[in-house]
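Undergrad: Let me give you the structure first, and then I'll get to my questions.
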Amino acid sequence: MYYQQKTMTESEYIDFLKVASGEKKAELVLKNVSYLDVFTNCFRKADIAISHKSFAGIGNYSGEKEIDMTGKTVVPGFIDAHIHIESTTVVPETFAKEALKHGTTTILTDPHEIANVMGIDGIRYMLEATKNLPMDIFFMIPSCVPSCEFDEAGACLEIEDLKEFLDHKSVLGIAELMNVNGVIENDKKILAKTYEAIKNNKLIDGHAPFVSDKTLMGYIAAGVLSDHECSNFDEAVEKIRASLWIMIREGTAGKNLEGLIKLCQEPYASRCMFCTDDRHINDIIDEGHIDNIIRKAISLGADPATVYKMASSNAGKYLGMSDRTAIAPGFLADFVVLDDVEKVVINSVYKAGTQLTDSYLEKNCKSNIDSKLNELAHNSVHIDEITEKMLENTDDKYIIGLVDGQLLTTNEGKARNVDTEKDILKVCVVERHKNTGHIGIGFLKGYGLKKGAIATTVAHDAHNIIAVGANEKEMAAAINKLKEIGGGMIVYADGEVKASYALPVAGLMSEISADEAKQKLHQIHEAAYQLGVNKGIDPFMTLSFAALPVIPELRITTFGVVNVTKWKIED
């Protein structure tokens, strides 16, 4: 591969060679800098010459512009190998503006959240919303909309719906293959998608919590290349030995780094990378994005050079991005300047050789959405008024147990009534796309709510309305308020809304600024915690995943409680 040279005209190519050989001054030279050599996995000192948006040479160089970087370190720009932008709660331009400040210059996004609401129009919306942003945003096309037969989404995408996107220049493959059972049982509709990806030399991302032994073999044989659902070291090692790349996830609700920290050393590190999957914008602002994972890994004892390589070069290799992820001649000049390597203190970020100042980001992080798509996105909550009676149950229902810091749940038996003293709460999922009137009912343990109700239109992956509460009356009121605000998050108690955060774009995203979104999230989280919600969980992200029927053990959808292990509806 000829990296960035292939993007140059012949005259630019010749000029670039003159810079590299020292015959001509570079446009920019970083003097006296320490940099990460990803090929020998160590830090070295030299000048770095940059020309035509690319690294031209490493050594002793002169430039039209020179910056003395004594005491600073340069590493390749960070890559998030798997993210759902919608889960940040803000539109792509707002996310990009904030994540770029944290050194993330490239992401691979899966728009299956909005696709579950709007179908192919949701994918089109995200492709338009990410065009011309200063961050490189690549796509994996949703493979499972809905996630499985137990989910009820706003659309059902089959292979014919997806074909038009596979030729798009920004599309690298098909996204997390969540329907493991469908693969193993040779579901023709599922395998049509994987086979199409294979024929077109596209990636297939996996989603396989606790999948093992021959089931894992059959799953990988279908063409799956990666997994981001590992929660323990032994599970990850089995998958690496079977050829999978492992994406170590550290999001808002799913935090797997600590349990997988031993992967951040050889012989495992070279097959691992980082991802955030689902991370709220306030966490990105307060703690960081991929830089947060790097910082945490180093604090847990991982070698800095190895971790920075995992955050860039490893991800680039998996994604087939041979034009970036190294500081060497011919590679795209995406890089992060650090004041402190171990604490990951970012001095500045460069994209294609251009420094991303606040003014640059303000000017260039702008999207232009087709008016028809925009209108469709802003009309996504379709329900009649929900009454208290609709949420009542006359028989025992299963109790879904939450696990702090994990997406996994447990089976806690059955209950018929709410018991806040035992932390047993009512939970329901209301279909909101086609006004079918379907409502699934169960109970939740580990959430901690003492009174009132909490509801949201963010409910992975079908994104119906999920609500939890100490009584049906206030649950119904909270759900009805969501329709009034066009989707979002509600905390309701004592007959009134305690806090709300409107997400008018597909019931998933807001168009307000990152700082405003942070304030809204802070207010609504505090309101939830004041009602007793367990501070070991995120009140909304954790609740939203209680509706995802492809992660063990119990989940809830519009059809009722799903036993993922037994792969059946329990009531």
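Undergrad: In segment 215-239, what count of residues is obtained for those that are of a type outside the set (V, I, T) and assigned to a loop (DSSP other than H, G, I, E, B)?
TA: Residues that pass the stated criteria total 8.
Undergrad: Output the residue which, of all residues in segment 494-522 that are touching a residue at least 40 places away in the same chain (Cβ under 8 Å) and polar (S, T, N, Q), is nearest to K451 (Cα to Cα).
TA: So, considering only residues that are touching a residue at least 40 places away in the same chain (Cβ under 8 Å) and polar (S, T, N, Q), the one nearest to K451 (Cα to Cα) is S510.
Undergrad: Could you tell me whether any residue of segment 1-18 is open to solvent by less than 50 Å² (accessible area, probe 1.4 Å), touching a Ser or Thr at 6+ places or on another chain (Cβ under 7 Å), in contact (Cβ under 8 Å) with a residue 60 or more places away in the chain and not hydroxyl-bearing (S, T, Y)?
TA: yes
Undergrad: For segment 307-353, name all the residues that are among the polar types (S, T, N, Q) and assigned to a loop (DSSP other than H, G, I, E, B).
TA: S322, T325, listed by residue number.
Undergrad: For D571, all conditions in the list (1) modelled with pLDDT of 95 or more; (2) open to solvent by 20 Å² or more (accessible area, probe 1.4 Å) hold save one; what is the number of the exception?
TA: Unmet for D571, out of (1) modelled with pLDDT of 95 or more; (2) open to solvent by 20 Å² or more (accessible area, probe 1.4 Å): (1).
Undergrad: Condition first: over 17 Å from I479 (Cβ atoms), in contact (Cβ under 8 Å) with a residue 60 or more places away in the chain and open to solvent by 50 Å² or more (accessible area, probe 1.4 Å). Now tell me which residues in segment 413-450 satisfy that.
TA: K450
Undergrad: Continuing with this model, one more query. Is there a residue in segment 102-111 that is of a type outside the set (F, W, Y), open to solvent by 10 Å² or more (accessible area, probe 1.4 Å) and either under 16 Å from the mean Cα position of the chain (by Cα) or modelled with pLDDT of 95 or more (or both)? Show your work before the answer.
TA: Step one: filter segment 102-111 for residues of a type outside the set (F, W, Y), giving 102-111.
Still in the list and also open to solvent by 10 Å² or more (accessible area, probe 1.4 Å): 102.
Still in the list and also either under 16 Å from the mean Cα position of the chain (by Cα) or modelled with pLDDT of 95 or more (or both): 102.
So far as segment 102-111 goes, yes, one or more of its residues are of a type outside the set (F, W, Y), open to solvent by 10 Å² or more (accessible area, probe 1.4 Å) and either under 16 Å from the mean Cα position of the chain (by Cα) or modelled with pLDDT of 95 or more (or both).
Undergrad: Separate question: If I go through segment 38-67 residue by residue, how many of them are farther than 12 Å from F331 by Cβ, of a type in the set (D, E, K, R) and under 30 Å from the mean Cα position of the chain (by Cα)?
TA: 0
Undergrad: On the given criteria, is A81 of a type in the set (A, V, I, L, M) and more than 29 Å from D47 (Cα to Cα)?
TA: It is true that A81 is of a type in the set (A, V, I, L, M) and more than 29 Å from D47 (Cα to Cα).
Undergrad: Taking segment 164-186 as the search range and keeping residues that are charged (D, E, K, R) and closer than 23 Å to L244 by Cα, which one is most open to solvent (accessible area, probe 1.4 Å)?
TA: Pass one, segment 164-186, residues charged (D, E, K, R): 164, 167, 169, 176, 185.
Narrowing further to those that are closer than 23 Å to L244 by Cα: 176, 185.
Values: E176: 7, E185: 130 Å².
Result: E185.
Undergrad: I'd like to check something: does segment 202-214 contain any residue that is in a strand (DSSP E or B) and buried (at least 24 other Cβ atoms within 10 Å of the Cβ)?
TA: Within segment 202-214, the subset in a strand (DSSP E or B) is 203-206.
Add one more test, that the residue is buried (at least 24 other Cβ atoms within 10 Å of the Cβ), and what stays is 205-206.
Yes: one or more hits.
Undergrad: Follow-up question, since we're still on this one. What about K72, is it of a type outside the set (V, I, T), in contact (Cβ under 8 Å) with a residue 40 or more places away in the chain and more than 27 Å from G254 (Cα to Cα)?
TA: Answer is yes for this residue.
Undergrad: Identify, from the list D121, D151, D136, D161, the residue that is open to solvent by 10 Å² or more (accessible area, probe 1.4 Å), among the charged types (D, E, K, R) and in contact with a Gly (Cβ under 8 Å, 6 or more places away or on another chain).
TA: On the way: D121 fails: in contact with a Gly (Cβ under 8 Å, 6 or more places away or on another chain); D151 fails: in contact with a Gly (Cβ under 8 Å, 6 or more places away or on another chain); D136 fails: in contact with a Gly (Cβ under 8 Å, 6 or more places away or on another chain).
Checking each option against the conditions leaves just D161.
Undergrad: For residues that are without any contact (Cβ under 8 Å) to a residue 40 or more places away in the chain and among the aliphatic types (A, V, I, L, M), scanning just segment 28-54, find the one that is surrounded by the fewest Cβ atoms within 10 Å (Cβ to Cβ).
TA: A46
Undergrad: Also: Hey, could you check segment 515-559 for residues that are open to solvent by 10 Å² or more (accessible area, probe 1.4 Å) and either among the hydroxyl-bearing types (S, T, Y) or touching a helix residue (DSSP H, G or I) at 6+ places or on another chain (Cβ under 7 Å) (or both) and say which is nearest to T410 (Cα to Cα)?
TA: Within segment 515-559, the match that is nearest to T410 (Cα to Cα) is T542.
Undergrad: If I ask for residues that are in a strand (DSSP E or B) and either more than 24 Å from E388 (Cα to Cα) or not hydrophobic (A, V, I, L, M, F, W, C) (or both), which ones from segment 402-447 would you list?
TA: Result: L402, T409, T410, N411, E412, G413, K414, D419, K426, G440, G442, K445.
Undergrad: Taking segment 260-282, which residues are within 26 Å of A459 (Cβ to Cβ) and outside any strand (DSSP E or B)?
TA: T276, D278, R279, H280, I281, N282
Undergrad: Going through G57, G63 one at a time, which residue ends up being open to solvent by less than 80 Å² (accessible area, probe 1.4 Å), over 21 Å from R324 (Cα atoms) and not aliphatic (A, V, I, L, M)?
TA: G63
Undergrad: Additional query: Out of the residues in segment 150-161 meeting the condition of being without any contact (Cβ under 8 Å) to a residue 40 or more places away in the chain and part of a helix (DSSP H, G or I), tell me which one is farthest from I220 (Cα to Cα).
TA: E160
Undergrad: Looking at segment 175-201, I want the residues that are among the aromatic types (F, W, Y) and have a partner that is surrounded by 15 or more Cβ atoms within 10 Å (Cβ to Cβ) with Cβ atoms under 9 Å, at least 6 apart or on another chain. Which pairs are those?
TA: Y195/I159; Y195/A222; Y195/G223
Undergrad: Quickly run through segment 283-293 and pick out the residues that are assigned to a helix (DSSP H, G or I) and either out of contact with any helix residue (DSSP H, G or I) (no Cβ under 6 Å at 6 or more places or on another chain) or buried (at least 23 other Cβ atoms within 10 Å of the Cβ) (or both).
TA: Correct list: D283, I284, D286, I290, D291, N292, I293.
Undergrad: Could you check segment 374-391 and list, in sequence order, the residues that are in contact with an Asp or Glu (Cβ under 6 Å, 6 or more places away or on another chain) and either surrounded by fewer than 13 Cβ atoms within 10 Å (Cβ to Cβ) or modelled with pLDDT under 95 (or both)? Lay out the reasoning, then the answer.
TA: Our first condition is that a residue be in contact with an Asp or Glu (Cβ under 6 Å, 6 or more places away or on another chain); within segment 374-391, this holds for 376, 388, 391.
Across segment 374-391, the qualifying residue is only L376.
Undergrad: Let me ask something else about it. Keeping to segment 501-514, report how many residues are buried (at least 20 other Cβ atoms within 10 Å of the Cβ) and of a type in the set (S, T, Y).
TA: Of the residues in segment 501-514, 2 are buried (at least 20 other Cβ atoms within 10 Å of the Cβ) and of a type in the set (S, T, Y).
Undergrad: Tally time: how many residues in segment 354-373 are of a type in the set (A, V, I, L, M) and either open to solvent by 70 Å² or more (accessible area, probe 1.4 Å) or part of a loop (DSSP other than H, G, I, E, B) (or both)?
TA: So the answer is 2.
Undergrad: Return yes when K296 is open to solvent by 20 Å² or more (accessible area, probe 1.4 Å), at pLDDT 95 or above, part of a loop (DSSP other than H, G, I, E, B) and under 22 Å from T73 (Cβ atoms) and no when it is not.
TA: No: the conditions fail for K296.
Undergrad: Considering only segment 534-571, how many residues are in contact with a Gly (Cβ under 6 Å, 6 or more places away or on another chain) and over 17 Å from I399 (Cα atoms)?
TA: 0
The values are calculated or read from the model by the stated rules, or taken from the named source; none is laboratory data. Since this is a predicted model, take the numbers as computed values, not measurements. When we count neighbours, we look across all protein chains shown, and the Cβ atoms used for this are built from the backbone with ideal geometry, even at glycine. Accessible surface areas use protein heavy atoms only, side chains included; no ligands, DNA or RNA. Shrake-Rupley method; radii C 1.70, N 1.55, O 1.52, S 1.80 Å.
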